[in-house]
Amino acid sequence: MSVLFSDDLPADNESLRRRIFQGEIFLLPAGAASLCLCDALLQIASDNILGEKQTVTAGNRQVVAAALRAAPGRSGEEGARAGHAIVKEALLAEPTFDELLLAVLDECGFERQEVLFDPLRMRISYDGGYKEEINRRSNSVHRDTWYANSQSQINFWMPLHDVSAADAFSFYLKNFASAVPNTSEQFDYDLWMKTTGWQSSMILSTFPTADADPRSLGERTSFSARAGQLLLFSASHLHQTNPNDSGLARYSVDFRIVHRADLASGLAAPNVDNLSQGDATRDYRKNSDDV
Ligand SMILES: [Fe+2]
């Protein structure tokens with residue numbers, strides 16, 4: 001399946017961005033910086049979810065990831081959720097993690113001082129979690145742009161362990177440049193931040209989602225990936241998490257970026273159906289060297 005995605009990083013960063021805004025998806029090989037980020041995330045997850053004193057290295061990366069994947073079944077989901085909450089706070093608060101993100105951008109050819117970024121978010125998809133009401137929003141069919149994210153936004157996604165196509169998430173590729181009925185007109189960024197915010201676990205009755213039978217949206221395209229590989233795609237792609245019935249939890253990290261030159265010039269993915277209000281980019285971070 002991953003043959004559908006490009007693995008060849010263009011030398012010119014603007015060419016990469018242009019191709020992404022035309023709908024191309026890049027699945028890049030793991031590099032030194034992405035594996036460093038992967039290990040740092042496995043480390044903080046191990047510390048707080050497994051509660052074990054062990055140092056994550058290339059040699060035990062897979063063993064630690066396997067223990068984490070089995071952890072909710074062994075120690076109970078409540079413990080895992082509490083550990084995950086600590087990890088989420090740390091990713092927002094500790095500058096080390098922003099630096100690891102920026103090193104990944106360097107490795108992918110982005111000029112860090114030209115990029116606005118949203119901090120790392122580590123996701124855990126629990127076995128059967130998609131059946132729970134609390135996860136209804138994160139399991140919906142959506143474009144990230146329906147949440148007032150910029151049409152110039154590029155999403156980065158990385159698994160912390162090897163994932164099969166069943167373990168990852170899916171794109172509805174044929175809808176990249178064609179409109180889909182949706183509820184994005186109900187989304188106002190300012191109101192969202194005042195009442196809910198991204199870190200909230202509130203169950204919402206309304207949120208931006210496709211207002212169509214998923215079977216009418218065409219073929220779902222998923223992919224397999226190795227730990228530390230990076231998926232780069234336009235925030236305007238229609239996508240959805242795959243249901244997890246594997247018996248194991250799965251771990252990934254993602255972050256979003258916008259290049260300042262693209263905001264200024266209007267270089268962006270086509271807006272075919274996004275009616276959300278506001279601008280999430282205003283809260284994105286800058287490289288601290290540039291503040
Ligand atoms: Fe998304």
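Do the conditions hold for residue 273, that is, is it in contact (Cβ under 8 Å) with a residue 12 or more places away in the chain, among the acidic types (Asp, Glu) and assigned to a loop (DSSP other than H, G, I, E, B)?
Working: in contact (Cβ under 8 Å) with a residue 12 or more places away in the chain: yes; among the acidic types (Asp, Glu): yes; assigned to a loop (DSSP other than H, G, I, E, B): yes.
Answer is yes for this residue.
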When the residues of segment 153-181 are filtered to those that are closer than 26 Å to residue 38 by Cα, part of a loop (DSSP other than H, G, I, E, B) and away from the ligand (no atom under 14 Å from the Cβ), which remaining residue is nearest to the chain's Cα centre (by Cα)? 160
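Does residue 80 satisfy being more than 16 Å from the ligand (Cβ to nearest atom), crowded, with 21+ Cβ neighbours inside 10 Å and modelled with pLDDT under 95?
Working: more than 16 Å from the ligand (Cβ to nearest atom): yes; crowded, with 21+ Cβ neighbours inside 10 Å: yes; modelled with pLDDT under 95: yes.
When the stated conditions are applied, residue 80 passes them.
Would you be able to say whether some residue in segment 67-76 is more than 16 Å from the ligand (Cβ to nearest atom), part of a helix (DSSP H, G or I), crowded, with 18+ Cβ neighbours inside 10 Å and of a type in the set (D, E, K, R)? Step through it out loud before you land on a result.
Step one: filter segment 67-76 for residues more than 16 Å from the ligand (Cβ to nearest atom), giving 67-76.
Retained after the next criterion (residues that are part of a helix (DSSP H, G or I)): 67-75.
Restricting the remaining residues to those that are crowded, with 18+ Cβ neighbours inside 10 Å gives 67-69, 71-72.
If we keep only those that are of a type in the set (D, E, K, R) as well, we get 69.
Yes, there is a match, as at least one residue in segment 67-76 is more than 16 Å from the ligand (Cβ to nearest atom), part of a helix (DSSP H, G or I), crowded, with 18+ Cβ neighbours inside 10 Å and of a type in the set (D, E, K, R).
Here is a check on your reading of the model: is residue 57 more than 30 Å from residue 11 (Cβ to Cβ), surrounded by fewer than 18 Cβ atoms within 10 Å (Cβ to Cβ), modelled with pLDDT of 95 or more and out of contact with any strand residue (DSSP E or B) (no Cβ under 9 Å at 6 or more places or on another chain)? Spell out the reasoning first.
Numbers: more than 30 Å from residue 11 (Cβ to Cβ): yes; surrounded by fewer than 18 Cβ atoms within 10 Å (Cβ to Cβ): yes; modelled with pLDDT of 95 or more: yes; out of contact with any strand residue (DSSP E or B) (no Cβ under 9 Å at 6 or more places or on another chain): yes.
Yes; evaluated as a whole, the condition is true for this residue.
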For residue 112, work out the one condition from (1) more than 16 Å from the ligand (Cβ to nearest atom); (2) under 19 Å from residue 246 (Cα atoms); (3) basic (Lys, Arg) it doesn't fulfil. (2)
Residue list for segment 241-250, restricted to those being in a strand (DSSP E or B) and either surrounded by fewer than 20 Cβ atoms within 10 Å (Cβ to Cβ) or within 11 Å of the chain's Cα centre (by Cα) (or both): 241
If I filter segment 178-188 for residues that are within 12 Å of residue 241 (Cα to Cα), crowded, with 18+ Cβ neighbours inside 10 Å and at pLDDT 95 or above, do I get at least one hit? no
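The values are calculated or read from the model by the stated rules, or taken from the named source; none is laboratory data. Given the structure is predicted, the values throughout are model-derived calculations rather than measurements. Cβ coordinates were reconstructed from backbone atoms using ideal geometry, including for glycine residues, and neighbour counts include every protein chain displayed.
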